[in-house]
């Protein structure tokens with residue numbers, strides 16, 4: 001998804017890397033659980049089968065974890081698209097910093113994982129965040 005006039009300076013934050021790592025760990029744990037479950041079923045004593053309610057409860061818990069990971073992935077994607085829309089919306093607008101010291105027309109936008117930086121026509125950069133006025 002390209003936004004006209006927006007620099008392609010997206011830099012993954014430590015949170016992005018941690019989220020990917022957590023997802024990989026959760027998938028590994030989920031897969032490991034399923035492998036253990038199958039091995040347990042293959043090797044169980046036929047005279048004393050495992051408790052099916054515990055088995056189902058464990059499977060349901062891991063299913064919930066998997067769904068949470070998918071939800072988080074979709075939410076991260078939505079947040080990135082929203083950031084691109086916000087960045088595109090400020091191009092060509094006049095912005096003023098919260099303290100009123102920096103003002104200018106936005107010519108370019110740098111999008112980072114933790115926010116948006118507007119490059120103004122006077123070559124100054126301004127973080128778009130709380131207190132910034134956009135006209």
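Only the coordinates and a few stated rules stand behind these numbers; no lab work does. No experiment lies behind these values; they were computed from the predicted model shown. Note: ideal-geometry Cβ built from the backbone for every residue, glycine included; neighbour counts use all protein chains shown.
Fully extending the segment from residue 96 to residue 82 would add 2.9 nm, taking 0.36 nm per residue of separation and subtracting the current Cα-Cα distance. Which residues among region 67-92 fall inside the zone where the amide N is under 11 Å from a point 7 Å beyond the Cα of residue 132, along Cα→Cβ? Under cut-off, by backbone N: 86-91. Which of rounded, prolate, oblate describes region 91-131, given a ≥ b ≥ c as roots of the alpha-carbon gyration tensor eigenvalues and a/c under 1.5 marking rounded, otherwise prolate only if a/b is larger than b/c? Judged from the Cα gyration tensor, region 91-131 comes out oblate (a/c at least 1.5, b/c at or above a/b). Just to be sure I understand the model, the point goes 7 Å from the Cα along the line to the Cβ. What's the resulting residue 73 to residue 105 distance in nm? The two pseudo-label positions are separated by 4.4 nm.
Centre-to-centre, using Cα atoms only, region 99-135 and region 55-82 are separated by 35 Å.
In this rough spin-label picture, where each label sits 7 Å from Cα along the Cβ direction, the residue 52-residue 121 distance is 7.4 nm.
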